[in-house]
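Values in this text are rule-based calculations from the coordinates and carry no lab data. Please read all numbers here as calculations on a predicted model, not as lab measurements. So basically every Cβ, Gly included, is an ideal-geometry build from the backbone, and we count neighbours across all protein chains shown.
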Amino acid sequence: MARYTGPKSKIARKFREPIFGPDKALDKKNYPPGQHGPSKRRGKQSEYAIQLLEKQKAKYTYGVLERQFSNLFVKASSKQGVTGENFLKLLEARLDNVVYRLGIAPTRSSARQFVSHKHITVNGEVVNIPSYSLRPGDVVAVRERSKSVEAITDSVASHKINKFSWLEWNANDLQGTFVSYPERSDIPENIKENLIVELYSK
């Protein structure tokens, strides 16, 4: 699946969740899209369909392509611990996600753009790969020449105090530290990772 660039409200309605952020359309029409609207009878979904939908929701949420998604799952499977939880931790450790979590970017899609346009550094070096996997102790910062970019300053100004225990944020220097991998209970996304594990286990 290529990265989705179409109407985001339609996808949010499909999953009945604001996976791209607050959405007025979802508030008004909290039912799946389709020409027959909420009155259309929808058959019972198969186990496979439910698992596939959960996988698609995770991919849309984190903006990850199929190959990257599969590779991350293989990596999570090889680690000690619960595979599903390991998988979400690796998704959270992506550079674009951390840029979003720190408040440098208002959305994950804009975070990917900031990284691709070389506005972000990791441990002092410019990294323009959104899927770059961070390790505990890595310092993510806005590049010196990019600190005046309006989109970044606006996002930082509107960002509330850091609420994620695995990240530290220094607003004065526009830099944050990836302290550790998050615990599953600290990840706010409503994703049933066990369904994804079951799908890949078939």
Length gained when the stretch LYS79-GLU125 is fully extended (0.36 nm per residue, less Cα-Cα span): 13.8 nm
Pair SER165, HIS117: separation of 7 Å Cα→Cβ label points (nm): 3.6 nm
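Within segment 112-202, report the GluC sites (Glu not before Pro) that DSSP leaves as loop and that have at most 16 other Cβ atoms within 10 Å.
On the way: sites: GLU125, GLU144, GLU150, GLU168, GLU183, GLU189, GLU193, GLU198; in loops: GLU183, GLU189.
Answer in residue order: GLU183, GLU189.
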Proximal aspartates and glutamates relative to LYS89, as straight alpha-carbon distance under 20 Å, when same-chain residues fewer than 8 apart are discounted: GLU54, GLU66, ASP138, GLU168, GLU183, ASP186, GLU189, GLU193, GLU198
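Sort HIS119, HIS159 so the one with the fewest other Cβ atoms within 10 Å of its own Cβ comes first.
Ranked by crowding around the Cβ, least crowded first: HIS159, HIS119.
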Value of relative contact order over segment 94-180, rounded to a whole percent, pairs C-alpha under 8 Å and six or more apart: 31 percent
